[in-house]
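Engineer: Quick one: the structure is below, questions incoming.
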Amino acid sequence: MSETPLITVIVPVYNILEYLPRCVHSITAQTYQNLEILLIDDGSTDGTGKLCDSLGAEDERIRVFHKENGGSSSARNLGLQHAAGEFVGFVDSDDYIEPDMYERLLQAITDYGVEVAQIARDEIDAQGRRLPNICEPPKEPEIWESRDFLRELLLHKGDCSFCTKLLRRELFQEDCFPEQKLNEDFNLLVRMLPRIGRLVSLPQQGYHVFYRIGSNSRKADREIFSRVYADSVENADMVAEMMKEMSAGDRELHETAFRFGVFQRLEYLLHIPISQMTKDNAMYRDIVAYLRKYWAKAMRNHVLTGKNKVYHTLFALAPKGIRKLHKCLRGRAQVKWEN
């Protein structure tokens, strides 16, 4: 590795006029200067494409690509095709980063001799308030073996986001982001982990997620059911298939993977609109059947919590009735709070 390797930063862009300048300027202001910044305009219709061109004219390190709308994964994959850097990072167009983020990440890769480094993140709402942490940052740098990091992901403790990471570009030679899917970072990272071997996690919260209602997984209308929940169940099935190829003697990881499959299905049932809990909804029907089939196995699972097992039992018995009761109790609690 050269002393100052080129880092490619890929930014998928779609209809984000208000926040794109903050995002891009947080990248151009990095203390590590040997960057190329690829803005991938994913068929914007609000003038964002022209804004990309204007931002590109400000800094010779910025290259702009325009394409038909295909989603964030499609834009990222196009960026990977044009990336020239030895290392690759990703920033979502409504987020922003600390000035020394890439300098810290690259230094960590060098110091610890790993293929991937990640930094902690926080979430900021539209009023500028910090939200509770999604993933708790470590108190000091931590080295993770891929097997242990997979377990953290399956327990919903690890950070699967590619935006918080710096990776060797060669890791993407065998695979890319699944297109037309949400929760795509988890999908690719889990498949990539065996090639990564080890990674280092840094404590600083150098990546700032802007929590914006109306994004893919944050819908204001409760009747709009985000596809992320169905895709998360499919990811759980992918993990289950991977477990079949792993040593059956790794009981702890197998138990954790089973817990992950149950948890993702419970999340689906807790968020699907009641109006969509019908017999002609094949995925809903299959999820309920799964919970009933594996109820006894779930009750013996030592990784599932008591609360998980209660929800599993209730949803296996009467999923629609439990959701109606849940909605009623939540409504009463809201009334009590407002009064």
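The values are calculated or read from the model by the stated rules, or taken from the named source; none is laboratory data. None of these values were measured; they are calculated from a predicted model. Virtual Cβ from ideal backbone geometry, glycine too; neighbours counted across all protein chains shown. Surface accessibility is based on the protein's heavy atoms, side chains included, excluding ligands, DNA and RNA. Shrake-Rupley method; radii C 1.70, N 1.55, O 1.52, S 1.80 Å.
Engineer: Of the numbered conditions (1) exposed (fewer than 14 other Cβ atoms within 10 Å of the Cβ); (2) among the aliphatic types (A, V, I, L, M); (3) in contact with a Lys or Arg (Cβ under 8 Å, 6 or more places away or on another chain), LEU304 satisfies every one except a single condition; which is it?
Structural biologist: (1)
Engineer: What about GLY49, is it in contact with a strand residue (DSSP E or B) (Cβ under 6 Å, 6 or more places away or on another chain), over 30 Å from GLN107 (Cβ atoms), open to solvent by less than 60 Å² (accessible area, probe 1.4 Å) and assigned to a helix (DSSP H, G or I)? Working first, answer last.
Structural biologist: On the way: in contact with a strand residue (DSSP E or B) (Cβ under 6 Å, 6 or more places away or on another chain): yes; over 30 Å from GLN107 (Cβ atoms): yes; open to solvent by less than 60 Å² (accessible area, probe 1.4 Å): yes; assigned to a helix (DSSP H, G or I): yes.
Yes, satisfied.
Engineer: Also, I was wondering about something else. Out of the strands (runs of 3 or more DSSP E) lying entirely within region 63-152, which hold 1 or more residues that are surrounded by fewer than 21 Cβ atoms within 10 Å (Cβ to Cβ)?
Structural biologist: Details: elements: 87-90, 116-124, 142-145.
Correct list: 116-124, 142-145.
Engineer: If you take the residues of region 2-16 that are open to solvent by 10 Å² or more (accessible area, probe 1.4 Å) and either modelled with pLDDT of 95 or more or polar (S, T, N, Q) (or both), which of them is farthest from the chain's Cα centre (by Cα)? Write out each step before concluding.
Structural biologist: Initially, region 2-16 is screened for residues open to solvent by 10 Å² or more (accessible area, probe 1.4 Å), giving 2-4, 6, 12, 14-15.
The next check asks that each one be either modelled with pLDDT of 95 or more or polar (S, T, N, Q) (or both); those that pass are 2, 4, 6, 12, 14-15.
On the way: SER2: 31, THR4: 29, LEU6: 25, PRO12: 15, TYR14: 18, ASN15: 20 Å.
Filtering region 2-16 for residues that are open to solvent by 10 Å² or more (accessible area, probe 1.4 Å) and either modelled with pLDDT of 95 or more or polar (S, T, N, Q) (or both), the one farthest from the chain's Cα centre (by Cα) comes out as SER2.
Engineer: Let me ask something else. Using the structure shown, decide if GLN180 is farther than 18 Å from GLU115 by Cα, modelled with pLDDT under 95, surrounded by fewer than 19 Cβ atoms within 10 Å (Cβ to Cβ) and within 18 Å of the chain's Cα centre (by Cα). Steps first, please.
Structural biologist: Working: farther than 18 Å from GLU115 by Cα: yes; modelled with pLDDT under 95: yes; surrounded by fewer than 19 Cβ atoms within 10 Å (Cβ to Cβ): yes; within 18 Å of the chain's Cα centre (by Cα): yes.
When the stated conditions are applied, GLN180 passes them.
Engineer: Any residue at all in region 317-332 that is among the hydrophobic types (A, V, I, L, M, F, W, C), open to solvent by less than 30 Å² (accessible area, probe 1.4 Å) and modelled with pLDDT of 95 or more?
Structural biologist: First pass over region 317-332, keeping only residues among the hydrophobic types (A, V, I, L, M, F, W, C): 317-318, 322, 325, 328-329.
So of that shortlist, the ones also open to solvent by less than 30 Å² (accessible area, probe 1.4 Å) come out as none.
Checking region 317-332: not a single residue is among the hydrophobic types (A, V, I, L, M, F, W, C), open to solvent by less than 30 Å² (accessible area, probe 1.4 Å) and modelled with pLDDT of 95 or more.
Engineer: Going through region 27-44 one residue at a time, which ones are in a loop (DSSP other than H, G, I, E, B), free of Cβ contacts under 8 Å to residues at least 60 places away in the same chain and more than 28 Å from GLN180 (Cβ to Cβ)? Show your work before the answer.
Structural biologist: Step one: of region 27-44, the residues in a loop (DSSP other than H, G, I, E, B) are 29-34, 43-44.
Checking which are free of Cβ contacts under 8 Å to residues at least 60 places away in the same chain leaves us with 33-34, 43-44.
Matches in region 27-44: GLN33, ASN34.
Engineer: Same structure, new question: Enumerate the pairs (first residue in region 151-169 and under 30 Å from ALA84 (Cβ atoms); second residue anywhere and among the polar types (S, T, N, Q) and crowded, with 19+ Cβ neighbours inside 10 Å) with beta-carbon separation below 6 Å, excluding pairs fewer than 6 apart on the same chain, so at least 6 apart or on different chains.
Structural biologist: Correct list of pairs: THR164/GLN118; LYS165/GLN118.
Engineer: Find all pairs meeting these conditions: Cβ atoms under 7 angstrom apart; at least six residues apart or on different chains; first residue within region 45-58 and closer than 10 Å to LEU17 by Cα; second residue in a helix (DSSP H, G or I).
Structural biologist: THR48/LEU20; LEU51/LEU20
Engineer: Also, quick follow-up: Can you find, within region 153-177, the residue that is surrounded by the fewest Cβ atoms within 10 Å (Cβ to Cβ) among those that are of a type in the set (S, T, N, Q) and within 20 Å of ASP122 (Cα to Cα)? Outline the logic, then answer.
Structural biologist: Pass one, region 153-177, residues of a type in the set (S, T, N, Q): 161, 164, 173.
Retained after the next criterion (residues that are within 20 Å of ASP122 (Cα to Cα)): 161, 164.
Working: SER161: 19, THR164: 27.
Among those residues, the one meeting the criterion is SER161.
Engineer: While we're on this one: Would you pick out the residues in region 1-20 that are in contact with a Leu (Cβ under 7 Å, 6 or more places away or on another chain) and within 15 Å of ASP53 (Cβ to Cβ)?
Structural biologist: Within region 1-20, the subset in contact with a Leu (Cβ under 7 Å, 6 or more places away or on another chain) is 7-11, 13, 17, 20.
VAL11, VAL13, LEU17, LEU20, listed by residue number.
Engineer: Exactly one of these conditions fails for GLU245: (1) charged (D, E, K, R); (2) surrounded by fewer than 12 Cβ atoms within 10 Å (Cβ to Cβ); (3) at pLDDT below 75. Give me its number.
Structural biologist: The number of the failed condition is (3).
Engineer: Being open to solvent by 10 Å² or more (accessible area, probe 1.4 Å) and among the polar types (S, T, N, Q) is the filter here, so list the residues in region 248-273 that pass it.
Structural biologist: Hit for region 248-273 is GLN264, nothing else.
Engineer: Do we have any residue at all in region 189-197 that's among the small types (Gly, Ala, Ser) and surrounded by fewer than 16 Cβ atoms within 10 Å (Cβ to Cβ)? Steps first, answer last, please.
Structural biologist: Residues of region 189-197 among the small types (Gly, Ala, Ser): 197.
Retained after the next criterion (residues that are surrounded by fewer than 16 Cβ atoms within 10 Å (Cβ to Cβ)): 197.
Yes, some residue in region 189-197 is among the small types (Gly, Ala, Ser) and surrounded by fewer than 16 Cβ atoms within 10 Å (Cβ to Cβ).
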